[in-house]
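The values are calculated or read from the model by the stated rules, or taken from the named source; none is laboratory data. As the structure is a prediction and not an experimental result, all values here were calculated from the model. Virtual Cβ from ideal backbone geometry, glycine too; neighbours counted across all protein chains shown. Heads up: the accessible areas ignore ligands, DNA and RNA and are worked out on the full protein's heavy atoms, side chains in. Shrake-Rupley method; radii C 1.70, N 1.55, O 1.52, S 1.80 Å.
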Amino acid sequence: MQKLFSVLIALFLVPFVSNAKSTKFTLKGTVSDTTSGFVLIRNLARPLPDTIQITNGEFTYSDVIDEPVPFVITDERNRYQMFFAEPGAKMQMTLARKEMQVIFIGGSAAHDIFRKLIVAQDPWQKMRQPIQQAFSQPNANKDSLQAILMMIGNKTNENFYSFLKENGQTEVAAFLIYSSISNERSIDAKIADSMYSFLNGKGLTCFYGQETKKSIEKLRAVTIGYMAPDFTLPDSTQKKMYSLSQFRGKYVLVDFWASWCGPCKAEIPFLKEAYAEFHDKGFDILSVSLDDKRENWMNSIRQFKMPWTQVSDCKGFRSTVNDLYPIPSIPKTLLLDKTGKIIAADLRGKALDAKLKELLEK
């Protein structure tokens, strides 16, 4: 949570599709410390930046957009500043090119909203930097320093939630929530839900509001306490389709694996032991292979003689289940209760056996 709201936004790509009417905005820039060169300006929903020449200490940029969206202005060293443009805006910027610092920017109500958060967070971010540097000093009191960092983190979190409460109806708030979820691994579905609950009006219906909703749905798919999304895939014979919902009424382990995954195969003996001991007591396993070659998948099934249901569309990490579940790496397991709710995740070795004893031998 310490980095959550520092507004150091990673530059990611999300395909932007909208049916709204588009309008051009313009940005006129004055460069304070050079008369020539270039800057790169990029709409964050697009893959590549535009190269804008600086002539006589000035530059001009325009783009067609249909709602307030974030842009970045960067240099060849990938130093960047972010700003929000809006349809029809006539924006002005003063830039110190050598340090890549925006001295002034105006003409966009959306950016004025964004600046409210920057102003609130800036003193705390400046306070954090020397504290972090102090950790490397000899005889540093790390407990004390950590307590200060915790206090700073709590304050920046407070500021962020206050900002969302005041500006939840804006596209700016939607983007900042989406960015936080995308870039901070410590955010789980419950934290994401708490942020998303502040969105309303255009904050919900705009592009980043909709993308935020999709991101949260994927987070819920692997978070304890939430329902596991249903999916349907063919079994190893390719003659029968299995849906996760067919396993309702049992405790079921959803096992994401692949034939090429050594750690996955190392877990198979433990899975076989658990299946043999608890299957008759109401436990089942659904193994979902992320193999992209059917022959390799079939060879592993024959080699390991796993007696439970095996399914796959043999599309690797492009499998349809990856649209529902965020699975950046395997092995990945989810233990579901009889209703399909996730009650445990990533139980390894004997931990699965212990959990099943707790559930089925009461």
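Among (1) part of a helix (DSSP H, G or I); (2) in contact (Cβ under 8 Å) with a residue 40 or more places away in the chain; (3) open to solvent by 30 Å² or more (accessible area, probe 1.4 Å), which single condition is SER180 missing?
For SER180, the exception is condition (3).
Is it the case that LYS142 is open to solvent by 60 Å² or more (accessible area, probe 1.4 Å) and either β-branched (Val, Ile, Thr) or farther than 20 Å from VAL119 by Cβ (or both)?
When the stated conditions are applied, LYS142 passes them.
Considering only the range 183-197, state which residues are of a type outside the set (A, V, I, L, M), in a loop (DSSP other than H, G, I, E, B) and closer than 20 Å to GLY153 by Cα.
Matches in the range 183-197: GLU184, ARG185, SER186, ASP188.
Taking the range 157-176, which residues are within 21 Å of PHE83 (Cβ to Cβ), assigned to a helix (DSSP H, G or I) and of a type in the set (S, T, N, Q)?
ASN159, ASN167, listed by residue number.
Quick check on my filter: what residues within the range 147-164 are under 16 Å from SER180 (Cα atoms) and either surrounded by 15 or more Cβ atoms within 10 Å (Cβ to Cβ) or charged (D, E, K, R) (or both)?
If the condition is that a residue be under 16 Å from SER180 (Cα atoms) and either surrounded by 15 or more Cβ atoms within 10 Å (Cβ to Cβ) or charged (D, E, K, R) (or both), then GLY153, THR156, ASN157, GLU158, ASN159, PHE160, PHE163, LEU164 are the ones that fit.
If a residue has to be within 23 Å of ASP66 (Cα to Cα) and either polar (S, T, N, Q) or in contact (Cβ under 8 Å) with a residue 40 or more places away in the chain (or both) to count, how many in the range 183-207 make the cut?
Of the residues in that region, 5 qualify.
Collect the residues in the range 163-218 that are farther than 21 Å from ALA45 by Cβ, more than 17 Å from the chain's Cα centre (by Cα) and hydrophobic (A, V, I, L, M, F, W, C), keeping them in residue-number order.
PHE163, LEU164, PHE198
In this structure, is LYS281 out of contact with any Leu (no Cβ under 6 Å at 6 or more places or on another chain) and among the basic types (Lys, Arg)? Break it down into steps so the answer makes sense when it comes.
Values: out of contact with any Leu (no Cβ under 6 Å at 6 or more places or on another chain): no; among the basic types (Lys, Arg): yes.
No, not satisfied.
Given (1) out of contact with any Pro (no Cβ under 9 Å at 6 or more places or on another chain); (2) at pLDDT 90 or above; (3) under 27 Å from LEU336 (Cα atoms), where does GLN238 come up short, assuming only one miss?
Failing condition for GLN238: (2).
So which residues in the range 233-265 are in contact (Cβ under 8 Å) with a residue 60 or more places away in the chain, open to solvent by less than 20 Å² (accessible area, probe 1.4 Å) and in a loop (DSSP other than H, G, I, E, B), if there are any at all?
ALA258, CYS261
Looking at LEU334, is it open to solvent by less than 40 Å² (accessible area, probe 1.4 Å), under 23 Å from MET241 (Cβ atoms) and either touching a helix residue (DSSP H, G or I) at 6+ places or on another chain (Cβ under 6 Å) or at pLDDT 95 or above (or both)?
Values: open to solvent by less than 40 Å² (accessible area, probe 1.4 Å): yes; under 23 Å from MET241 (Cβ atoms): yes; either touching a helix residue (DSSP H, G or I) at 6+ places or on another chain (Cβ under 6 Å) or at pLDDT 95 or above (or both): yes.
In short, yes.
More than 30 Å from the chain's Cα centre (by Cα) and not charged (D, E, K, R): which single residue out of PHE231, PHE304, PHE256, PHE247 fits that description?
One residue alone meets the criteria, PHE304.
Quick one: in the range 287-319, of everything that is closer than 18 Å to LEU271 by Cα and among the basic types (Lys, Arg), which residue is surrounded by the most Cβ atoms within 10 Å (Cβ to Cβ)?
Only one residue tops the list, namely ARG302.
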